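Participant: Right, I'll just put the structure down here and ask away after.
The values are calculated or read from the model by the stated rules, or taken from the named source; none is laboratory data. Keep in mind the model is a prediction, meaning the values are calculated, not measured. Neighbour counts are summed over all protein chains in view; Cβ atoms, including those assigned to glycine, are modelled from backbone coordinates with ideal geometry.
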Amino acid sequence: MTVIALYGTSNPLYCDAKTEILQRNIEHYYSLIRRIAILILVTKILIFNYRQDSIYILRSITLDRLRRLSPFLALALLLATVLTANAPALALAWDGEMEPLAQYRSYCQTYGDRDPGCAVGLGGKVGTPVGMDRVDAGRATLGMAVLVHRQVVDDLIYREDKQDRWEILGTPGRGMAGDCDDVVMTSISRLLRRGFPRAALRATIVRLPGNGGHHLILSVRRQAEQGVEEIYLDDRHHQPMRPEQLAAEGYVFVAQEVPGRRTWRRAQSQPALMMAERGDG
C-alpha cells in the first residue's frame with residue numbers, strides 16, 4: 001500500500017483567528033453600510049423624479065391586467081431565481097491515504113481515551129464506536145454545531161504554540177488559550193457531549209490563499225437530498241461554509257481525518273509539492 005506523508009514546514013498551521021475575523025467583520029460591515037447608503041440614495045432620487053409617473057402607473061393597473069400579466073411575472077420570477085441561484089456544489093474528490101500529522105498522533109496519545117475518532121494504533125480505545133458518518137439535514141442540528149463552534153472561538157484567547165500541539169481547551173490544567181487546531185478539537189469534544197456521532201465530525205486541513213500557510217477547519221457531514229454533504233466550520237468565518245464557497249476564496253483542500261482509521265485521506269487536487277510518496281511495507 002502506498003501511503004502519502006505530509007511534510008510540514010516550520011509553521012505548518014496558520015491560525016490567527018481573532019485578527020482575521022476582526023478584519024473580515026470590519027470590511028464586511030463597511031461594505032454593507034455603503035451598499036445600504038447607495039440603495040437609499042438611489043431610491044430617494046427615483047421616487048423624487050418619477051413619483052408622478054409611478055402613481056399614474058399604479059392607478060392604471062387593474063385586476064384584469066394583473067391577471068393577464070401573471071404568466072409573465074411568474075416567468076420573470078423563475079428567471080431571477082435561476083440567475084441568482086448558488087453556484088453548483090463542489091464535489092470534493094479524495095484520492096489515496098496519508099499518514100496523520102505528528103500533532104494528530106500526539107493528540108490521540110493524550111486524548112485517545114475520550115475521543116473515539118482516534119484509532120487504536122494511535123492511542124484510541126479498543127472497540128469505541130464512532131457512530132453514523134452523517135447527521136440529519138435539519139437546521140437545528142447544524143445550528144447547534146455552529147453555536148458550539150462559535151462559543152469556542154469567542155472564548156478563545158489566541159496564542160501561537162511554540163510547539164504545535166492539538167489540545168482540547170477547558171480541560172483541567174488547560175485554559176482557553178490556543179489556536180485553530182485547538183478550536184477544532186475542542187468543538188468536536190463538546191459536540192460529542194451533545195450527542196453528535198464522531199464519524200460525522202472531521203478535522204480537515206486546508207491551505208489558505210496566498211502565503212497564508214495551512215489551517216485546520218471542522219467538517220460536519222450531514223444527510224442531503226443527493227447524498228452526504230459537508231458543511232465547514234472555520235474560525236475565520238462566522239457562518240457555516242460550503243466547499244465551493246471556500247474554494248472561491250482560494251482555499252485548497254489538503255487532507256481530512258477518517259474517524260476510527262489510522263490514516264487520513266487526501267484531496268485529489270492537492271499539489272504534488274506538498275506531498276511525498278513513500279512505501280509502507
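Participant: Residues that are under 17 Å from V152 (Cα atoms), in a strand (DSSP E or B), in contact with a Cys (Cβ under 8 Å, 6 or more places away or on another chain) and among the aliphatic types (A, V, I, L, M): does the stretch 187-205 have at least one?
Facilitator: no
Participant: Do you know which residues across the stretch 165-180 are under 16 Å from Y111 (Cβ atoms) and at pLDDT 80 or above?
Facilitator: If the condition is that a residue be under 16 Å from Y111 (Cβ atoms) and at pLDDT 80 or above, then R165, W166, E167, I168, L169, G170, G178 are the ones that fit.
Participant: Could you please let me know if W166 is of a type in the set (F, W, Y), out of contact with any helix residue (DSSP H, G or I) (no Cβ under 8 Å at 6 or more places or on another chain) and surrounded by 15 or more Cβ atoms within 10 Å (Cβ to Cβ)?
Facilitator: So W166 fails the test.
Participant: Let me ask something else. Select from the stretch 244-266 the residues that are assigned to a strand (DSSP E or B) and either crowded, with 20+ Cβ neighbours inside 10 Å or at pLDDT below 85 (or both) and list them in ascending order.
Facilitator: Result: F253, V254, A255, Q256, W264, R266.
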